[in-house]
Amino acid sequence: MSTQAQGVEKTSPDFEVIVIGAGVAGLYQLYRLRERGIPTTVVDAAADLGGTWYHNRYPGCRFDSESYTYGYSFSKELLNEWHWKERFSSQPENLRYLNYVADKFDLRRDMQFNHKVESAHFDDAAALWRLTFTNGRQLSCRFLITGLGLLSAPTMPRVAGIERFKGPSFHTYYWPHEGVELAGKRVAVIGTGATGVQVIAEIADKVGELTVFQRRPNWCAPLHNRPISEQEMNEIRARYDEIFDKCLRSPGGFEHEPDRRGFYEVTREERVALWDRLYDEPGFGIWLANFREIFMDEAANAEFSEYIAERIRRRVNDPAIAEKLIPKDHGFGIQRVPLETRYYEAYNRDNVHLVDIKETPIECITETGIRTSGREYEFDIIVYATGFDAITGTFDRIDIRGSGGQTLRAKWKDGPVTFLGLQVHGFPNLITVAGPQSGSSSTNFPRSIEVGVDWVMALLEFAWQHGYTRIEATPEAEERWTRHVAKMYESVLMRKAKSWFTGYNDNVDGHEHGTIRHLVYNGGAPKYRATLEQVAADGYQGMRFS
Ligand code: NAP
């Protein structure tokens, strides 16, 4: 179906709703719209569903959320049927899960793959969005909902010669679906974020030689993954209500809740006792079940960081390598903490080498490898684990134009401005589920996604019931929310970090240094949910309907 017939543009949309993205958010959004009988289609650039879990196929890829807190909570039947095989489930299993959900609820028939959105323009006169795809198709809708993913715009380093390398080389996001033969190969990994850390630990004993090019180390902590038995899964099933309730109450949307004792109210021995326990426990507890001062107080953070540094020193045989792996420019937990499985031990292997590219910067990629200021290295494979243009990057890669033709790219040039992370003034009927400054941007993703999608459904219901065809955030509400999000950064040490939390990425023009881009909401999941509920209860103040 095309919106254009003999040059005349239709004024009724092809679909009431188009959802961009067939990942975790898009699937649930479609489920709810289908339930309500709303003509909807989900479009995705990929050849199949899954979003993040469709794309990222690098070895070691898994989430750091407890699996049973990551699944959807909306269907008891689904919860009873699905058996999470591991405490922290891996990419293949996660993709299987999303396919299982799509098939169970027959979602696939409303999805269109290989549909990469090139542009989305708001037609003021008809109050609808017109989309153009790179495959030449055009579609229109009343409401455009984005489920684009937080980390779906991979970025390559700005290094000369990348295209010259003769062997296989790829960003982790594009790890070949057919797999890569690693045995006996000389492999380079550039980047030591959550992705690099997973790849390095996983392939260290599978390759011939592994050389890690590290610019800045990260503070990592053990994941402690293990299988979930049938009996344990049954116990989890019996506790699902309690588990989800706990996630809803915790700031991060996880089972882990902060230790509410004051850092300085307990003795050093008591602090260390907590840290010893958390270091040996699975998941993000070491980060999120810690004292709250860790996130806000320099001295508390420094004391804890030194504790972790000591744990790293105990795990790495060569003291000089250990020191290189300990961050010196930021404290623990003010960047996203990568969880790892024997990551530090990988550096004890004879076939694993660490190159500190702060000392000897990469000069260029050559036909046969990498040249640093120190020497030339030969490789068979180069892996770029160099991260993403986080959250706004996926929006920037689409030509999105709102009312009067203004571009979202220009509006967000110095950082996003939104109302609740869900709406943008000047972009009517665009709803950015999992967008910047929304609750999902910094919490256990599916938990906040369900909250966000449910709220969006209530908002749309409100519009449909009143016969409104246009919804738009007011400039005042947008300004208030954006200021509120910015203010929250002021109290957390995270504001000082060069990480995607602060919109930093020196591989993207304008995102290199200087001013923070306020991408994430730091108020925690319960506060975000309470705000959403209040806005709805007040008849959606801050939004204009017509
Ligand atoms: P990232 O955290 O942004 O790390 C990118 C890495 O590449 C950093 O070590 C960075 O160094 C390095 N790098 C970037 N440009 C470079 C250059 N030009 N030269 C040399 N090194 C360069 O990206 P990521 O590891 O892909 O992780 C992104 C996010 O994805 C994570 O924070 C997490 O939220 C999510 N993730 C989650 C999981 C999970 O759930 N387990 C796994 C993977 C990823 P600098 O630090 O010096 O900039």
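Between residue 474 and residue 206, the modelled labels are 5.6 nm apart [label points 7 Å from Cα along Cα→Cβ]. Projecting the Cα atoms of 541, 331, 307 onto the dipole axis of the chain, where Lys and Arg carry +1 and Asp and Glu carry -1 at the beta carbon, places 541 farthest toward the positive end. DSSP assigns beta bridges within the chain; of those with both partners inside it, close to 40 percent run antiparallel. Length gained on full extension, residue 77 to residue 296, computed as 0.36 nm times the residue gap minus the Cα-Cα distance: 74.7 nm.
What's the whole-number percent of alpha carbon pairs in the range 250-334 lying beyond 17 angstrom? Taking all Cα-Cα pairs of the range 250-334, the fraction more than 17 Å apart is 49 percent. Helical runs (DSSP H, four residues minimum) scored at -39500 (n - 2.57) apiece and divided by the length of the chain put the mean residue ellipticity at 222 nm at -9500 deg cm²/dmol.
At q = 0.07, 0.10 Å⁻¹, what log₁₀ I(q)/I(0) does a Debye calculation on the Cα points of the chain give, no solvent, two decimals? The Cα Debye sum returns log10 ratios of -0.41, -0.85. Checking the cross-link pairs 246/498; 413/498; 85/206; 413/487 against a 27 Å limit on the alpha carbon distance flags 246/498 as lying beyond it.
At an R0 of 60 angstrom, the distance between the Cβ atoms of residue 10 and residue 349 translates into a FRET efficiency of 0.45. Helices in the chain that qualify as membrane-span-like (whole DSSP H runs, Cα extent of at least 15 Å along the helix axis, mean Kyte-Doolittle hydropathy of 0.0 or higher) are 445-466.
Once the Cβ-Cβ distance of residue 483 and residue 93 is raised to the sixth power relative to R0 = 35 Å, the FRET efficiency obtained is 0.25. Counting charges near residue 371 (Lys, Arg +1; Asp, Glu -1) among other residues having Cβ under 14 Å from its Cβ returns a value of -2. The stretch between residue 363 and residue 406, if pulled fully straight at 0.36 nm per residue, gains 11.5 nm over its current Cα-Cα span.
Listed from fewest to most Cβ neighbours within 10 Å, the set 241, 396, 44 follows the order 241, 396, 44. Of 116/185; 411/496; 166/358, which sit over 31 Å apart, Cα to Cα? Correct reply: 116/185.
A short reminder: the numbers here are calculations on the coordinates, not readings from a lab. Computed from a prediction, not measured in an experiment: that's the story for all the values here. Please note: Cβ atoms are built from the backbone with ideal geometry, for glycine as well, and neighbour counts cover all protein chains shown.
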